[in-house]
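Have a look at the structure below, then the notes.
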Amino acid sequence: MTTNQAQPRFSSILQTWGLPIALLLIGAAMSFAHPAFLTTTNLINVARQVSINGILAVGVTLVLLTGGVDLSLGSVVALAGVVAASLAQAGAYPVFIVVAAGVAAGACCGAINGVVVTRGRVPSFIATLGMMTAARGLALVVSNGRPVSNLSPDFTRLGGDLGRLPIPVIVFAVVALLAWVVLKHFRLGRHIHAVGGNPEAARAAGIRVGAIGMIVYTACGALAGVAGLVLAARTTTGQPNAGVGYELDAIAAVVIGGTSLSGGVGRISGTILGVLLIGVINNGLDLLAVSSYYQAIVKGVIIIGAVWLDRNRQHS
């Protein structure tokens, strides 16, 4: 095999297995750096920590596959959390109503994003940036700018454990599985990829591009609502200032996982690996008692690196 033939093959192998290898190498390095890293308790803790970012990342994957972006996720998480917490105070409403209200709050925000992007022809960056500010303000209005506490045990149980398995991890797994099935085996999944790959060609093929946009933004908002519910249940309070920067973590995880910012290319399995990679790095830095100031620098480097990798993939 010549050198010119070997290079494309090596590049293909690296694209397929690079992320799992990086995850294993970083995990091995963390286990040598701190003996507690590979303990069962810590690994369960890592899974619990990444669950919220994972739920958000699945929603972001759907949006990025169509060539859009959603910067409002963190604020929608806060809004859904305070809406649910307000209804869950002292067991005022049954837990299914509380859950439905939180998810509906997120879905409404996502649907508004979808309308503004698909009908108003506003770039997704601008539309969701506006929603980021509006949803944060609405969360402050609903909560009167204060944390909403005294939540019912039935609701806070959603942030607990089922046996030894954290319920947030179960929720993340179910969400990821459903998204994988839709993208892999349903016509909707093929249409989402087609819209992101070439919207004009998709429209010429009879695909309702606007409807697909509405679906993915609404689904992304609904999943942000789910994440807000899980966060409020875990912390036993609805925080109007929760979720700051969550959208950046989710986008970074998705892009690291191989989803293109230009749309049309991406897999849920890659998103899961990207979420785990960021979670392992964050957990390792916490175990090593690295200052949060330096952790913010590392996170910024990861985000820039994710975009750089995406650009390289597009030109390779």
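The values are calculated or read from the model by the stated rules, or taken from the named source; none is laboratory data. Predicted, not measured: the structure shown is a model, and the values here were computed from it. Glycine also receives a Cβ, built like all others from the backbone with ideal geometry; neighbour counts cover every protein chain displayed.
Look at ILE272 and say whether it is within 27 Å of THR41 (Cα to Cα), of a type in the set (A, V, I, L, M, F, W, C), in contact with a Ser or Thr (Cβ under 9 Å, 6 or more places away or on another chain) and crowded, with 18+ Cβ neighbours inside 10 Å. For ILE272, the condition - within 27 Å of THR41 (Cα to Cα), of a type in the set (A, V, I, L, M, F, W, C), in contact with a Ser or Thr (Cβ under 9 Å, 6 or more places away or on another chain) and crowded, with 18+ Cβ neighbours inside 10 Å - is not met.
If you go through the range 139-187 and pick out every residue that is under 22 Å from the mean Cα position of the chain (by Cα) and farther than 18 Å from THR236 by Cα, you end up with 17.
Set side by side, the residues ALA28, ALA84, ALA47 differ, and just one is assigned to a helix (DSSP H, G or I), under 19 Å from ALA219 (Cα atoms) and of a type in the set (A, V, I, L, M), which is ALA84. What about VAL226, is it at pLDDT 90 or above and either surrounded by 20 or more Cβ atoms within 10 Å (Cβ to Cβ) or in contact with a helix residue (DSSP H, G or I) (Cβ under 7 Å, 6 or more places away or on another chain) (or both)? Considered against the rule, which asks whether it is at pLDDT 90 or above and either surrounded by 20 or more Cβ atoms within 10 Å (Cβ to Cβ) or in contact with a helix residue (DSSP H, G or I) (Cβ under 7 Å, 6 or more places away or on another chain) (or both), VAL226 comes out as yes. Evaluate the following for ALA173: is it modelled with pLDDT of 95 or more, touching a helix residue (DSSP H, G or I) at 6+ places or on another chain (Cβ under 8 Å) and closer than 21 Å to VAL60 by Cα? It is false that ALA173 is modelled with pLDDT of 95 or more, touching a helix residue (DSSP H, G or I) at 6+ places or on another chain (Cβ under 8 Å) and closer than 21 Å to VAL60 by Cα.
Among the residues making up the range 46-100, a single one is within 16 Å of ASP154 (Cβ to Cβ), in contact with an Asp or Glu (Cβ under 9 Å, 6 or more places away or on another chain), crowded, with 24+ Cβ neighbours inside 10 Å and of a type outside the set (Val, Ile, Thr): ALA88. Restricting the first member to the range 275-293 and to residues that are surrounded by fewer than 18 Cβ atoms within 10 Å (Cβ to Cβ), and the second to residues that are of a type in the set (A, V, I, L, M) and in a loop (DSSP other than H, G, I, E, B), the beta-carbon pairs closer than 7 Å and six or more apart or on different chains are LEU287/ALA36.
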